[in-house]
Structures are given as structure tokens and as C-alpha cells.
1. Quick one: how many residues across segment A:1-20 are at pLDDT 90 or above and farther than 22 Å from A:V113 by Cα?
2. Report, ordered by the first and then the second residue, all pairs with beta carbons closer than 7 Å, sequence separation of six or more or different chains, a first member in segment A:295-307 that is in contact (Cβ under 8 Å) with a residue 12 or more places away in the chain, and a second member that is in a helix (DSSP H, G or I) and hydroxyl-bearing (S, T, Y).
3. Filter segment A:546-590 for residues that are of a type in the set (S, T, Y) and in contact (Cβ under 8 Å) with a residue 60 or more places away in the chain; which is surrounded by the most Cβ atoms within 10 Å (Cβ to Cβ)?
4. Check segment A:56-69 and report whether any residue there is under 27 Å from the mean Cα position of the chain (by Cα) and either within 26 Å of A:T534 (Cβ to Cβ) or not basic (K, R) (or both).
5. Checking the condition polar (S, T, N, Q) and exposed (fewer than 14 other Cβ atoms within 10 Å of the Cβ), which residue from A:T518, A:T508, A:T542 passes?
6. Within the bounds of segment A:635-650, is there any residue that is among the charged types (D, E, K, R) and under 60 Å from the mean Cα position of the chain (by Cα)?
7. Test A:Y636 against the criterion of being of a type outside the set (A, V, I, L, M), in contact with a Ser or Thr (Cβ under 9 Å, 6 or more places away or on another chain) and without any contact (Cβ under 8 Å) to a residue 40 or more places away in the chain, and give yes or no.
8. State whether the residues of segment B:10-18 include one that is within 14 Å of chain A (Cβ to nearest Cβ) and either in contact with a His (Cβ under 8 Å, 6 or more places away or on another chain) or hydroxyl-bearing (S, T, Y) (or both).
Amino acid sequence: MEITSIAPWVLLLPLCMFVFLGLTSHKFSGQTSAKIGTVAFGIVAILCYYIAGQYFFGSFSVVNENGYEVFNKTGEVYNQMTIFNMEWMKMTENLIIHIGFYLDPISAMMLVVIATVSLMVHIYSYGYMFEHGHFDEGMSRYYAVLSLFSFAMLGLVLATNIFQMYIFWELVGVSSFLLIGYYFFKPAAVSACKKAFIVTRFADMFFLIGILVLSYHAQTFDFDKLNANNAKLVMDAFQITAESKGIAFLGFPLITIATFCIFLGGAGKSAMFPFHIWLPDAMEGPTPSSALIHAATMVVAGVFLVARLFPVYSFAAPEVLNAICYIGAFTALFAAIIAVAQTDIKRVLAFSTISQIAYMMVALGVSRFGNHETELGFTASMMHLFTHAMFKAMLFLCCGCIIHCVESNEMKHMGGLWKYMKKTWICFGIGCLAIAGIPPFSGFFSKGEILTACFENGYKAIYIVMTATAGLTSFYMFRLFFHIFHWQENEEYATMKHKPHDQEWQMTLPLIVFAVLTVFFFLFPGFNNGITATRGEMEMPTNWFIEGISIAVALTGIGIAYVLYFKKNDMPKQIMDKCPELCSFVYDRMKIDEIWYGITRSFIFGVICKSIAWFDHNCIDGFMNFCAWITKHTSYNTKEAQSGNVQQYVWVFIMGVITIVFLAVY
Amino acid sequence: MIPVEFYLVVSTLLFFIGVFGFIARKNLVGVLMSIELILNAVNINFVAFNRYLFPGQLEGYIYSLFVIVVAAAETAVAIAIIMNIYRRKGNETVNSIKELKN
């Protein structure tokens with residue numbers, strides 16, 4: 001098969017499915033829609049695997065716009081390939097926006113991630129949405145939006161230019177909004193979807209500013225041109241030299257502002273502090289969609305964005321990378337601390353997602369172009385993105401199984417489930433071990449590389465913070481694990497009509513697939529030779545000192561969790577009673593939401609909106625009222641003329657004639 | 001021969017008396033009579049100018065005859081309307097007819 005002929009279908013097929021399922025939702029039952037959607041996405045997934053496989057292991061070529069033939073691999077280095085690129089929007093002669101299909105190691109890797117997770121979620125949702133013997137009425141809608149999301153996410157990672165990425169970026173935002181608000185009859189879900197949309201949209205405003213500043217100076221949107229030759233185009237456009245930072249704006253170098261604004265867009269989607277507030281609330285959506293969107297794919301879009309523009313960041317704005325790394329480290333620790341105190345199992349996972357994405361950001365932040373050691377962070381970040389997508393999707397899907405049985409999200413309604421749900425228990429355990437960083441599970445490799453990258457590039461403080469976060473991570477994950485599956489068995493289970501049990505194959509198969517991917521990750525080829533900043537081969541170093549420390553820290557975390565939560569005891573309560581204020585402060589997510597609400601109410605509503613409202617009421621409405629007043633009074637005063645009294649008309653007429661004659665004569 | 005200006009002065013006076021009557025009279029019959037005065041002023045002009053400018057021709061006389069005929073017809077219609085109004089309203093002032101207003 002020709003790559004160029006099948007590539008468009010990767011985007012077209014999910015889009016067609018969205019339109020088809022959306023338009024026929026009243027014709028088919030939810031079951032039929034689900035089957036159609038799953039089969040169609042299965043085809044898309046096969047295409048994605050085929051393209052990624054051809055890119056990494058095969059050999060093919062495309063003709064680029066200059067007429068040269070580009071192969072997927074030159075020697076040991078993977079090339080960036082534009083499979084197709086067509087004109088989309090022609091604003092002016094110079095400003096043309098293309099839509100295309102861009103392959104390089106990170107987008108090929110993202111193809112695999114999206115295809116795998118999305119396909120598994122399609123299959124899993126079939127079982128999950130089947131509740132109490134009948135299908136959910138909105139199931140066609142659910143599958144349609146799932147297709148829309150897959151389309152948008154694939155378009156985002158395959159974007160050839162930053163504007164296409166922005167369009168698809170907004171599309172993922174919309175489909176995330178629709179999926180969070182899937183249960184639109186629940187007020188919590190409605191407010192959560194609005195919150196998610198508004199917060200990410202607010203961050204996207206910065207993204208757009210960044211895009212405009214960057215591309216106005218660089219005169220192009222194309223990643224190919226922006227990144228080419230060590231971001232030479234950007235360096236020249238912003239007049240950056242070794243001595244100066246180039247064009248300045250308000251005392252800051254413009255390139256710093258532009259790239260930082262672009263990062264803020266990514267921070268919104270990837271839930272970096274202080275834009276993280278939407279992600280925990282987004283858990284109001286159906287659990288499979290949380291697994292897909294809010295754990296594995298959409299939330300890593302910010303990481304992907306920074307990775308995509310990595311040459312620009314690394315050469316033109318290394319100070320922004322530093323900022324990213326500090327923001328990331330803070331977010332990682334902050335989210336991990338909050339996760340310790342949460343009782344809603346999906347919220348715990350949400351905060352752990354924030355924390356793990358922050359790991360990826362940190363890894364990108366400490367990374368620079370230069371030699372293998374400094375580039376390690378990039379590879380580690382991409383590796384963590386991959387492994388995290390797999391094990392976090394699995395954890396979320398396990399949560400879905402548990403919620404399905406227990407019909408509650410709260411930890412206190414769970415306990416002792418291991419007897420009833422053996423498969424879920426094992427998969428959840430694997431996921432927890434992986435996220436804690438225990439060998440040989442996938443998380444161990446990626447997290448170890450991130451810590452090594454922090455340590456070896458001289459970010460010692462960050463390294464310590466990240467190691468502490470790793471300890472916290474293993475603690476709260478195992479707190480969750482023990483609380484759900486051990487602790488004390490809930491007596492209600494014995495009397496329940498449907499005892500908790502492992503789910504049917506549609507829901508178990510995805511768990512097993514992800515578990516296999518997590519356990520046997522070390523057998524995978526690819527990450528040593530491919531997904532690197534220079535797209536070449538790279539030997540991943542193993543620093544046993546750092547690995548040893550991280551394993552020790554993780555085991556300590558697990559040990560503490562074991563002591564506190566394996567069997568029911570009073571210790572956790574005693575500890576919490578010692579500092580109730582701190583506990584409730586952390587439980588309330590450190591009041592960050594309240595700060596946002598406060599800012600929104602007092603500043604945005606109180607100052608900006610009020611003054612705009614005043615202007616609207618008094619100036620705009622006032623002007624309109626003034627016009628109306630003038631019209632009214634003029635007509636009141638002139639309506640006497642139209643009396644209907646013919647004699648008066650004749651009088652005026654005669655006088656007019658006399659005047660005209662008088663004027664004509666003289 | 002009497003100069004033409006005399007005729008013109010008479011007809012102008014007649015015309016403006018008619019206009020005044022038309023504007024000032026409230027009684028519909030009075031208004032109708034004022035219209036007759038205006039038409040008669042025009043007739044005087046027709047006849048006078050015909051006599052002075054084109055003595056051998058008859059167009060002016062014929063026109064004035066036309067005007068008299070039309071005025072008679074118009075008066076007949078108007079009187080009929082006024083009679084009806086008087087029957088309905090009990091008076092025949094201009095102000096009483098305002099059904100079409102508003």
C-alpha cells in the first residue's frame with residue numbers, strides 16, 4: 001500500500017464516522033452505533049499502526065514540495081516527512097494555511113498511542129455504557145463525539161503547521177467539552193464541562209497570541225521551516241545572536257514572550273499549575289472518555305506542543321525551557337500532595353495525571369540540544385508520555401470497572417474488592433507498580449530516565465523535588481490500591497443483588513492489552529533509536545545510583561501505604577486528626593479553585609465586567625436612547641403639521657406658492 | 001376700451017377672496033362657494049386674455065364654458081355629499097368630517 005494514498009483516510013475516516021453517527025443517531029440503536037464506530041476506528045487503528053510501522057521499520061519515500069524524494073530514514077536518522085500538504089485557507093497571497101500530514105518520530109509515536117488507547121476505549125465503552133440491561137440513550141452521541149475526538153487528536157499530532165495544530169487543538173477542546181458534559185442532566189457535569197472549556201480556552205488565548213507573534217516575525221506557520229537548521233529562521237527573524245536576545249517588547253525579549261505564550265496554551269491543555277483546576281472536575285464525564293482524553297491523549301497535547309517546537313525552545317528561548325521545568329516541578333509536587341488527600345478514586349487519578357504530565361514537562365525543560373546527555377530529557381519525556389498513556393489509561397479503565405460494580409466513586413464505599421474482581425485487581429496492581437516506578441514495569445524506565453536527565457543536567461533541586469514526588473506518587477497510588485482492594489470488606493457486597501465481579505470481555509480485554517504493554521515494555525524496540533531530539537539513535541544510559549534511589553523511595557512509599565491502609569486500622573485517622581486544618585486544606589485542593597473563583601468574581605466580574613456593563617448601559621445604550629429621544633421629540637413637535645385639516649394644508653400650500661413666485665420674480 | 005389690467009385686478013381679487021374663503025370658512029357650503037369664486041376668477045382671465053390677445057379666436061370662451069360645466073357637475077356632486085354629511089352629523093362644518101383620521 002502506498003502511504004500517500006492511505007494517509008488521508010486516517011483523518012477522513014473518523015471525521016466521516018462523526019458525521020455519520022451524529023446524523024443517524026435516531027435511526028440506529030446505541031448498540032449498532034457502537035459497533036459501527038468501533039469497527040471503523042479499528043480500521044483507522046490498523047492504518048495508524050501500518051504507517052507508524054512503515055515509518056520506523058520499513059522504507060518508503062515521498063516527494064516533497066521542492067521535488068526531492070525524501071526517505072523515511074537516512075542512515076540512522078529518521079527524516080521529517082510531509083506526506084501531503086494541501087491549501088486550506090487562503091487569506092492573502094502570502095498568508096496561506098495548509099492542512100497536511102506530517103510524520104516524524106514523535107508524531108508516529110503519537111499515532112500508535114492514540115490508535116491503541118482510542119481503540120481500546122471504543123471497545124471498553126461498549127461494555128461500560130451497557131448499564132442495568134439497557135443501553136444508554138445517548139450512546140450514539142457518545143460514539144460520535146469519540147470519533148470527533150479521535151479525528152481532532154490525530155489531526156493535532158499530524159499537523160504540518162502550527163495553525164492547523166491550533167484548529168485541531170480547539171477541536172479537541174470542544175470534544176472534551178462534549179464528553180465531560182455527556183451526562184448533561186447532572187449539574188456537576190455541566191459546570192465541569194464549562195469550567196474545562198473556559199479554562200483551556202483562556203489558556204488558548206495566549207497560545208494564539210504566541211502563534212501570531214512567532215509566525216508574524218518568522219513569516220511561516222510550518223514546523224518544518226521553524227525547526228529547520230537549529231531554528232535558524234526564528235533566530236534570524238528575531239535577530240537573536242550569541243550576545244543579544246534580539247527584538248524586545250516591554251523590556252522582555254519578544255521571542256521569550258512568544259514562546260512562553262505558546263507554552264501557556266500547552267499548560268492549559270496539559271493542566272499545569274495554575275491552569276490545572278479543570279482536570280479534576282473533568283472526571284464528571286464517563287470513565288472511558290476520561291481514560292482516553294484526560295489521561296492518555298488530550299492532556300499530553302501540551303507536552304507534544306513543546307516537543308514539536310523543541311528546536312525553537314532549545315535554541316531561541318532556553319530560558320522558557322527553564323521556566324517550564326520549574327513550573328513542571330512545582331506542579332508535580334503540588335498535585336501529588338493533593339492526590340494524597342483525595343477520597344474520590346477518579347480525582348486521585350486525575351491529580352496523579354497532572355503530576356505525571358508535569359514529569360514530562362520537567363524532562364523537556366531540563367533538556368537541550370547539544371550532546372546525548374543533554375538531549376536525554378526529550379527522549380525520557382516522550383517515553384514517559386508513551387508509558388504513562390498506557391498505564392494511566394489502564395488505571396482509569398480499572399476504575400471504570402470498579403465504579404460499574406460499586407456504583408460510587410468514593411473510596412469509603414470500597415474495600416476488600418480483590419476477592420471479587422481478580423483481573424481488575426491484578427491490572428490495577430500492575431498499573432500502580434508501573435506508576436510507582438518499580439522494575440520491570442514500564443514506568444520504571446521512563447521515570448528513571450527523567451530523574452537521570454534532571455540529575456545529570458545539573459538541575460539538582462528539581463531532581464530532589466521529582467524524587468520526593470515519586471515517593472508521594474507510590475504512596476498515594478498504593479493508598480488508593482489498598483483502599484479499594486483490601487482495607488476492610490464492605491458488608492454490603494454480600495447482600496447485593498449483583499455481587500461485584502469482573503466485567504464481560506469488552507471491558508476486560510482492554511485491561512489485559514494495557515497490562516501486557518506495561519509489563520513487557522522493556523521488550524519494545526524504538527525508544528533507544530528513534531524518538532530522540534535529533535531523530536537519531538541514542539543509547540539510553542542507566543545510572544544505577546539514581547535508579548536505586550528512585551526504587552528505594554518508591555518502595556518506601558509503598559511500605560508506608562501498606563502499613564497504613566492494607567488492613568483496616570485507626571492510624572490514618574489518628575494522623576489526620578493531628579492536623580485537621582492541613583488535611584482539609586489539602587483536601588480542598590489548596591484552595592486554588594477558590595482563588596480562581598475569587599479572581600473571577602472580584603476582578604473579572606467586579607472590575608472588568610462591571611465597567612464594561614457601565615459603558616454598555618450608559619454609553620452604548622445611552623447613545624441609542626438619545627437617538628430615540630431625539631426622534632420622539634422631533635416627531636411630537638412636528639406631528640401637528642399633519643393635522644388632516646385640508647384648509648390648513650391649503651394655507652401652507654398657498655403661502656409656499658406665493659413664496660416661490662416671489663422668489664422667482666425677484 | 002378698458003385696459004386688460006382692470007380685468008386682471010378683478011380676477012385676482014376674486015381669486016384671493018376665494019382662497020381666503022376656502023381657508024377660513026368652516027361651513028362646507030361656504031367652502032364650495034369659495035371654490036366657485038376661484039373658478040370664476042380663472043374664467044375671467046380666460047375670457048379677458050382671449051379678447052385681448054387672440055380676438056379672432058374662440059378657445060378661451062370655450063374653455064371658460066368647459067370650466068362652468070365642470071364646476072356645475074362638481075357642485076352637484078359636492079352638494080350631494082354635503083347633504084349626506086348634514087344628514088348624518090346634523091351640521092356641515094369642515095371639522096365634523098374626520099372618520100378617515102387615525
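1. 2
2. What qualifies is A:A295/A:T353; A:M298/A:S176; A:V299/A:T353; A:V303/A:S381; A:V306/A:Y313; A:A307/A:S381.
3. A:S550
4. The first filter runs over segment A:56-69 and keeps only residues under 27 Å from the mean Cα position of the chain (by Cα), leaving A:56.
Subset that is either within 26 Å of A:T534 (Cβ to Cβ) or not basic (K, R) (or both): A:56.
Yes, because at least one residue in segment A:56-69 is under 27 Å from the mean Cα position of the chain (by Cα) and either within 26 Å of A:T534 (Cβ to Cβ) or not basic (K, R) (or both).
5. Values: A:T518 fails: exposed (fewer than 14 other Cβ atoms within 10 Å of the Cβ); A:T508 fails: exposed (fewer than 14 other Cβ atoms within 10 Å of the Cβ).
A:T542 is the lone residue from the list that is polar (S, T, N, Q) and exposed (fewer than 14 other Cβ atoms within 10 Å of the Cβ).
6. No, because not a single residue in segment A:635-650 is among the charged types (D, E, K, R) and under 60 Å from the mean Cα position of the chain (by Cα).
7. Working: of a type outside the set (A, V, I, L, M): yes; in contact with a Ser or Thr (Cβ under 9 Å, 6 or more places away or on another chain): no; without any contact (Cβ under 8 Å) to a residue 40 or more places away in the chain: yes.
No, not satisfied.
8. Looking for residues that are within 14 Å of chain A (Cβ to nearest Cβ) and either in contact with a His (Cβ under 8 Å, 6 or more places away or on another chain) or hydroxyl-bearing (S, T, Y) (or both), one finds at least one in segment B:10-18, hence yes.
The values are calculated or read from the model by the stated rules, or taken from the named source; none is laboratory data. Since the structure is predicted, the reported quantities are computational estimates derived from the model, not experimental observations. Glycine gets a Cβ as well: all are built from the backbone with ideal geometry, and neighbour counts include every protein chain shown.
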